[in-house]
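Structure first, then comments.
What follows draws every value from the coordinates through simple rules; no lab data is involved. No experiment lies behind these values; they were computed from the predicted model shown. Note: ideal-geometry Cβ built from the backbone for every residue, glycine included; neighbour counts use all protein chains shown.
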Amino acid sequence: MDKNQAIGFALLALLLIVYFQFFAPEPTPPAAEPAVTQQDNPANNESNPQSLNEPSDTLAQLPDSVRDTANRERYGEFSTALSGEAQTFTVENGQVKVRFSTQGGRPVHVEMKTYEAYGGGAVELLTPETSQISLVAATSRGEVDLYKLFYSTSGQDQQIAEGDTATVEFVANLEGGRRIRQTYRLPSEGYEIYYDLAIENASGLIQNSELTFIWEDELRVVEKDGKESRTRGAVKYYAVNSGLDDFTLLQGVNETETELIEEPIAWLAMKQRFFTSGIVAETSFPKALVSLAAPPEESDIVQTIGLQVPVPLNNGNFSFKYFFGPNDQRVMEAVALDFENNIDWGWAIVKPISKYVISPMFHFLERFIGNYGLIIVILVLIIKTVLFPLSYKSYISMAKMKVLKPELDELKEKHGDDMSAMQKEQMQLYQKVGVNPVSGCIPMLLQMPILLSMFYFFPNSIELRQEPFLWTDDLSTYDAIVSWNANIPILSEFYGNHISLFVLLMTASTILYTWSNNQASTVTGPMKSIQYFMPLMFMFILNSFPAALSFYYFVSNLVTFGQQAIIRRFVDDETIRQKLEENKKRNRNKKKSKFQLRLEEAMKATEETKRNKTNNRGAAPRKR
């Protein structure tokens, strides 16, 4: 590794340090107030503060006839649907199990059938304990939550047959011949629940012909690493005019953030690390109010998220669909435009690689190989084979610099501290032998986007979730061979409370690789020592990253060793020296390139400037 390569790696390390120190979001404790409150609801007004969410203990103590009259005065046409017995039933397909309730006529519990939470039990994306959903109507008598009414239904427990679609209907009969009809459709495969609402004879019943959909959810930790889950939690949405955007916590402790999105929205999603819950409009939602509240670090809550969306009625009707499912590219691409970008693919420079190259390649291998550790090994072999021409070019450039080292040392001894003269003759030497001093660095830079794309692909790949390999039982999180509960200042913050074996192997192989390269490198002095510091720095950075990532880099180092061993068998120093001598003869009468002429002119100008400064400092002060 020459000086330019070392500088390139140092800049990469600095970039990663800055990112993890200043831009990676940290989990923080919750604020005192809830994420979305009824006060935030645009349907509220001070003159009509009553709603079905308020306590009704006083009414319950009254005689039936008096209570009925009070309900009629308070809730008007909706009073006939205020009482009833809540009954539940479950509808399930191949992927999800959905429990519906006749109180509210809506899903109250959704669990994944093919995914387990860390520690056991199904992954639950909607529960009565953690989720509150309201559909608020503003009427002349006050607010009414349609999801507090009681509905009749013919729904029952059922397993949807393959190829069929289950239809569940809820009906609430109101006074004056009005009726609320809610219909849900759940296909036999998939994670989408289609929803239609129809209010018959709705004219004059609901003010502004608009409802307000409110969803507040405490996302629970279902992974081993709760801290990692919190850093990747967010609200994402797709604005019809401006495209994909997200809303995350930016500040520190006790943080609560609220954002009003004042443009049409195609969908909103509450994103966890591996799972997402969301709503997708049939056309678009006119706007939305989004809020986030951070939990305590030791809590089992990822984040508290609130969505508040006005829903315009079209002749008393509106439709959208729910999504409760995994962050799987193949699943999400069929849900809505850009919905698969709930997966964090990385910065703009690496996103095309991780999304359109690494992910499809990984899924292709997954079709034939069931062991994900073996898939990673094959992925490394494919990538290293494709990049071999660049690696070969980089190695040859480094070998050329090693062969030229005696001549470069002579130039340094000849010119001493005269750097300008030294650089001038050095450039002439490079031209004679046909060596580009940056040709070894360029191949490394071209490989950098692939290197960085792995930092996003492996931590966000649900395919690796709870997949065992060798000593680790889950490739999607760290492989702790030693762990402790004590909180050690500084060490716990920057390293963690565990030791990951794959990270140690990766670090050892990187140090060995660096030592091997230094035997053929012209780099001397402090720059040579810095190269050993970088593997140690990454040992701290990657200790809490998924085992799949550190295993990938460990295997990549081993393959690189093998490639260099093969190159050395065919290319030795004597072969390189002969090639350089041939270039000297061929380039003896070759004209200088425009680039070299400009470079020499710049060096002359710099030398002249230094000479003038030296002369000015040595000149005697002028007498007045």
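Annotations
- Taking a point 7 Å from the Cα of Asn497 along the Cα-to-Cβ direction, the residues of segment 209-244 with backbone N closer than 19 Å to it are 221-231.
- Using only side-chain charges placed at the Cβ, +1 for Lys and Arg and -1 for Asp and Glu, the dipole size of segment 353-586 relative to its Cα centre rounds to 860 debye.
- Taking each of Lys384/Lys405; Lys384/Lys414; Lys148/Lys224 in turn, the alpha-carbon distance tops 31 angstrom for Lys384/Lys414; Lys148/Lys224.
- For segment 128-141, 3J(HN,Hα) computed residue by residue from phi via the Karplus equation (6.51, -1.76, 1.60; θ = phi - 60°) reads x, 6, 10, 10, 10, 10, 10, 10, 9, 10, 8, 10, 5, 9 Hz, glycine and proline entered as x.
- Residue-wise HN-Hα couplings along segment 450-462, as the Karplus relation 6.51 cos²θ - 1.76 cosθ + 1.60 with θ = phi - 60° gives them from phi, are 5, 4, 6, 4, 5, 5, 9, 5, 5, x, 10, 8, 5 Hz; Gly and Pro carry x.
- Close amide H pairs (under 5 Å, H built 1.01 Å from N) link Ala122 with Ala117, residues at least 5 positions away or on another chain.
- Subset of Lys271/Lys355; Lys402/Lys424; Lys113/Lys351; Lys321/Lys355; Lys287/Lys355; Lys402/Lys579 violating a 23 Å alpha-carbon distance limit: Lys113/Lys351; Lys321/Lys355; Lys287/Lys355
- Here the Karplus relation 6.51 cos²θ - 1.76 cosθ + 1.60, evaluated at θ = phi - 60°, turns the backbone of segment 300-310 into coupling constants of 8, 9, 6, 7, 9, 10, x, 10, 9, 10, x Hz, with x for every Gly and Pro.
- For segment 87-152 versus segment 162-212, the gap between their alpha-carbon centres in whole angstrom: 14
- When the trypsin sites (Lys or Arg not before Pro) in segment 337-414 are filtered for DSSP coil states and for at most 15 other beta-carbon atoms within 10 Å of their beta-carbon, the remaining sites are Arg367.
- Burial order of peptide ranges 303-313, 568-578, 170-180 (average beta-carbon count within 10 Å, highest first): 303-313, 170-180, 568-578
- Largest-first principal axis extents, alpha carbons of segment 353-586, Å: 61, 46, 29
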